[in-house]
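In what follows, a structure is listed as C-alpha cells, so that the remarks can point back to it.
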Amino acid sequence: MTLRILHILDHSIPLHSGYTFRTLSILREQRRLGWETFHLTTPKQGATDALHEDVDGMTFFRTPSEPRNGLVAQMRLTANRIRTVIAAVRPHIIHAHSPVLNALPSLWCGWRASLPVVYEMRASWEDAAVDHGTTTEGSMRYRLSRALESFALRRADQVTTICEGLRADIAVRGVAADRIAVIPNAVDAAEFKFGVQADPALRRKLGLDGATVVGFAGSFYGYEGLDLLIEAARCMAVRRPDLRLLLVGGGPQEAALKQQVAQAGLGDRVVFTGRVPHDQVQRYYELIDVLAYPRLPIRLTELVTPLKPLEAMAQGRMFVASDVGGHRELIRHGETGFLFKAGDAAALEAAIESVLSQREAWPQIKAQARRFVEVERTWSGSVARYQGVYQRALARGGRIQPLPV
C-alpha cells in the first residue's frame, strides 16, 4: 500500500521563502521514498478563486480567501477545505505545518475523519508574533498564543520540529519525548556549486572590482542584526579603503538600514541589490569574501536553526555568525564557520578581520564545511526520519497501516 500524506501549509511555491523551500525539499524527498503527497495551502497563500494550482510538477489545493478574514474565519475556511480534500484524496495521515492556525483545524478534521495528525512546529506562534512586532512577550496575547500552541502540540499524534532548541521547548509543554522528532533543516548539496569563481560582469555592474566584499543575503528583519553589520563596516572602513558591504535582499528594515548607511557616510561603500530571483542568488554569494549572520540574541534565534549558514557551507563560502543558540547548534567554530558574541558590533568586526587575516586556511575550512552538509545535513537523510514518525502516528490509538520499505 502506498502511503498517502496530506500536507497542510501556510503558503507554498510559487511564493519564495525559507518556509516554501523547506516544504518543497520535503515533498520531493517523500515522493522519492515512494509516498504519495497532497498539499493544501490556507488563505495565507493570498487572494484566489482557484481551488488548485499546478506548480513545479505538483498540484496544490488552495483555500479561497474572503475579505477581512480574522483568525477564526481563516481556520474555519481551512477546516472546510481540509474536509473536502480528505474526501477527495483519502489520505492516511494529515501532516500540518506551522503555524498553529494550521494545526487546530487539522486536529479537528483528523478527529472527525479518524485520521492521525502530525504537527510540524518550525517556530512557535507566540515567538513569531513577538518578532514581527504584533505582540510583546508576557502580554495577554502572547500567553494566549502560547496556550493555543501548547494545546495543539499535546493533542497531535506526533510532533516534529527542526532543531534541538525547539524540541526542548516542546518537551516543557508536556509532550512526551517519544512523541517528538527532530527533522533538521538540510540542503541538496548538488544544487549548490562549490568553489565557483565570481561573475566578472556582475562584479563590475555592482562596482565591486578590486574590493574586499563582506555581505549578507536574506530577509531584512530586525532580529538579523544588520544594523550591527553596518556599524562594523563603518569601523573597518577607516583601515580598509577597499572594503564594500553587499546586502542582497529586502524586508521590513530596509529603509532604516539605508538611513543608517547615509548617516554613517557609507553611501559609496554599501550596495543594496534589492530582492533577486532565487535561482540567481548564488551569483551574488560568489561575489562575497566573508558572509555575516549577526542575528540578535532573542528567544527565536536562540531556539531556531536557520537555513542560510547551511547554504553557505554547501557553496564553500567563508562566514561569521553570532553565537545565538540556533547558530551554535549548527556551526562548528573554526571548522565550518566562525562564531562571535551576539549583539556586539565590535566582536563582529573582530571576527570578520580574523577571517580575512587567515586566507591560507580558507580552502581547508571550505572543504570541511562542504563535507559537513554532504554527510550530516542532506534532505534525503532528514526526510527519511519521517518514516518512524508516521509509523508511530498510525499506530497510536490502534491505527495500523504498513509503510513501504
field: Dipole magnitude (debye, nearest 20) for the chain, charges at Cβ of Lys, Arg, Asp, Glu
entry: 980 debye
task: Rounded to the nearest 0.05, what FRET efficiency do GLU353 and ASP56 give with R0 = 35 Å and r taken as the Cβ-Cβ distance? Could you check?
output: 0.25
- prompt: Relative to the present Cα-Cα distance, how much length would full extension add between GLU335 and ASP227 at 0.36 nm per residue of separation?
  reply: 36.2 nm
field: Given (i) 20.2; (ii) 23.4; (iii) 26.2, the label whose value is mean projected area of the Cα convex hull in nm² derived from this model
entry: (i)
- line: Placing each pseudo-label 7 Å from Cα in the direction of the beta carbon, ASP178 and ALA147 end up separated by a distance in nanometres of 3.1 nm
- request: Give, as a single signed number, the net charge of other residues whose beta carbon lies under 15 Å from the beta carbon of GLY57, with Lys and Arg counted +1 and Asp and Glu -1.
  value: -2
Dipole in debye (nearest 20) - region 73-191, about Cα centre, beta carbon charges: Lys, Arg +1; Asp, Glu -1: 740 debye
statement: Rounded to one decimal in nm, the spacing of the 7 Å Cα→Cβ label points at MET1 and PHE194 is 4.2 nm
query: In nanometres, what is the gap between the two model label sites at ARG31 and GLN368, each 7 Å from Cα along Cα-to-Cβ?
result: 3.8 nm
Kyte-Doolittle mean at least -1.0, axial Cα span of 24 Å or more - DSSP H helices of the chain: 71-89
message: For MET1, MET121, give me the order by solvent-accessible area with a 1.4 Å probe, most accessible first, ignoring ligands, DNA and RNA.
response: MET1, MET121
- line: Sorting GLY326, ALA168, ALA395 by the position of each Cα along the dipole of the chain (Lys, Arg +1; Asp, Glu -1; all at Cβ), the one nearest the positive end of that ordering is ALA395
message: If each residue of separation counts as 0.36 nm, what is the full-extension length gain between ALA87 and GLN280 once their alpha-carbon separation is subtracted?
response: 65.4 nm
TRP125, TRP111, reordered so the largest accessible area comes first (probe 1.4 Å): TRP111, TRP125
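Using DSSP to define loop residues, name the trypsin sites (Lys or Arg not before Pro) in region 31-93 whose beta-carbon has at most 12 other beta-carbon atoms within 10 Å.
Taking region 31-93 and a limit of 12 other Cβ atoms within 10 Å, the loop trypsin sites (Lys or Arg not before Pro) found are ARG68.
The values are calculated or read from the model by the stated rules, or taken from the named source; none is laboratory data. The structure displayed is predicted, hence computed values, not measured ones. Every residue, glycine among them, receives a Cβ derived from its backbone with ideal geometry; neighbour counts consider all protein chains shown. The area values use the complete protein model at the heavy-atom level, side chains included, leaving out ligands, DNA and RNA. Shrake-Rupley method; radii C 1.70, N 1.55, O 1.52, S 1.80 Å.
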